[in-house]
1. For the range 286-307, how many residues meet the condition of being without any contact (Cβ under 8 Å) to a residue 60 or more places away in the chain and open to solvent by less than 40 Å² (accessible area, probe 1.4 Å)?
2. Evaluate the following for residue 283: is it open to solvent by less than 30 Å² (accessible area, probe 1.4 Å), among the aliphatic types (A, V, I, L, M), at pLDDT 80 or above and part of a helix (DSSP H, G or I)?
3. Among residues belonging to the range 307-323 that are polar (S, T, N, Q) and in a helix (DSSP H, G or I), point out the one that is farthest from residue 352 (Cα to Cα).
4. Check off (1) surrounded by 14 or more Cβ atoms within 10 Å (Cβ to Cβ); (2) among the polar types (S, T, N, Q); (3) at pLDDT 90 or above for residue 76 and give me the number that stays unchecked.
5. Being open to solvent by 50 Å² or more (accessible area, probe 1.4 Å), at pLDDT 90 or above and of a type in the set (D, E, K, R) is the requirement here; does residue 348 meet it?
6. Residue by residue through the range 42-55, note down the ones that are within 29 Å of residue 230 (Cα to Cα) and crowded, with 17+ Cβ neighbours inside 10 Å.
Amino acid sequence: MEYSGRRRKRRDPWRLIGRSTVSFFCVCFAQFALYLLSSFFNSSNIITLLFLSVMVLLGLTVIGRRCKQLFGLRGSAPGFVFGNILFMWCVYLVVIRQGGSGHNQDFVWVPATHPGVAPRPVWVPQIRFWVGVVVAVSAISFLLDIIFHAELIILLFGLYRIISGDPGFVDYGPISNTETYLEGSELPTSDIYEGSPFVESSLLLQRVRYCKLCHAHVKGFDHHCPAFGNCIGQNNHLLFMVLLAGFIIVEACYILGASQFTDTSRKLDSDELKQVSWAVKLATSTMVFSILQVLWQAAFLAWHIYCVCSNIRTEEWMHWKKYPEFQDIMHPQLGEIGTATWFRNPYDKGIWQNLKEFIEAKG
C-alpha cells in the first residue's frame, strides 16, 4: 500500500499579493475610522471609547463581508495582522517615541510665538522640541523602548515561523472517493493498521483530526487560526501560545507609552495643544485599539492555558460528543427512561504531567 502526504495547497504569489493589498487598505480604513471616532468623542472616557470602537469595528466587519459578496474582494487575515503591527509600530516611532522621548535640562530658549517678542530663557523640566512647539512630556523609559522593539522583532519572526511552518500534518494512504470528512474527524480506521510506515506509537494514532480549510489531517489539532492562516497542532501549539503572550506584551508596552503621551499632552495650554491635537487623537485611537486586542487575547491565552493544563484541545472540547472517548454513557436505572451522556477527559493525567507532555511534544 502506498502512502502520500496531504499538505496545504501552494499559495499563488500574485493572489497573495492581491489579498495582502486589500488587507492593507482595510487596516488603513479601520484605523482612520477609529481616529475619526477619537476626534468626535475626544472628551469621552476610555470606557465609552472602547464601546464605540467595538461598534465601529463590528460595522466595518459587516461592510467588509458585504463587499466580499458584491465585488469578490478578499483580504488576507495574516496580511491584516502584519498590517496592524506595522501601523502601530509607525505610530509609536513617529508620534509616541518622538513626542515622549524628552530630556532634562534646566534652561532652554523658548522661541518667540508673537512678532516683536524676543526669545527668552525659561526653566522647563523634561521638554522636547517637536512639530515646532515646546512640549512638556514624561520621557518614555529606555527599558520600555527596548522591551517594545525587542519583543516586536521576535514577534515578527515568530509570525513568519507559524504561518509557514508545519503544524503536524500526518501522512496517510489514499482515501476513497466515497469517504467524506468533517472538520475534527479522525483518520479512517481502514488506513490505520499494524506495521504501517507512518505509525510511530499508539499515541500518534490518537487525536489526529481533519481540517477542511487546510485539506489535511493534523496531529494534535486544536483549531484553524485564520489570523495566522494555518492550523494549530502539536508542532506549533506552544509557539502559538508564546505568540499570544508576545502580542499582549507588545500591546501593553504600546498602551503604556501612548497613555503617557496623551496624559502629558493634554496638560499643555490651548495654543500648544492645537498643534499636536492630531497626534493626541491618533495615539488615543491606537491605544483604544490595543486595549481591545489585549482584552480578547488575554482571554484566549487563559483559555489555552486551561486546555493545556487539562490536556484537551479546543476542537475536542467544542465537539466532544463526536468522539466516543470523551463520552461517559450512563445507562438508565430501573424506572428511568433513556440514557444520559456525560463528558469525561481520558487524556487528563494531572496538571504537571499534562504540562510536561505539552512541552515535550514533538512532531
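1. Summing the residues that are without any contact (Cβ under 8 Å) to a residue 60 or more places away in the chain and open to solvent by less than 40 Å² (accessible area, probe 1.4 Å) in the range 286-307 gives 3.
2. yes
3. Top of the filtered list is 314.
4. Single failed check for residue 76: (3).
5. Taking the combined requirement at face value, the residue satisfies it.
6. Matches in the range 42-55: 53 only.
This table checks each residue for (1) hydroxyl-bearing (Ser, Thr, Tyr); (2) open to solvent by less than 60 Å² (accessible area, probe 1.4 Å); (3) modelled with pLDDT of 90 or more.
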position	(1), (2), (3)
176	yes, yes, no
181	yes, yes, no
217	no, yes, no
240	no, yes, yes
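Table: residues versus (1) out of contact with any Lys or Arg (no Cβ under 6 Å at 6 or more places or on another chain); (2) farther than 15 Å from residue 43 by Cα; (3) modelled with pLDDT under 90; (4) hydrophobic (A, V, I, L, M, F, W, C).
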| position | (1), (2), (3), (4) |
| --- | --- |
| 231 | yes, yes, no, yes |
| 243 | yes, yes, no, yes |
| 258 | yes, yes, no, yes |
| 274 | yes, no, yes, no |
| 278 | yes, no, yes, yes |
| 301 | yes, yes, no, yes |
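The values are calculated or read from the model by the stated rules, or taken from the named source; none is laboratory data. A quick note: this is a predicted structure, and the numbers were derived from the prediction, not measured. No Cβ is skipped: glycine too gets one built from the backbone with ideal geometry, and neighbour counts run over all protein chains shown. Surface areas here come from the heavy atoms of the whole protein model, side chains and all, with no ligands, DNA or RNA. Shrake-Rupley method; radii C 1.70, N 1.55, O 1.52, S 1.80 Å.
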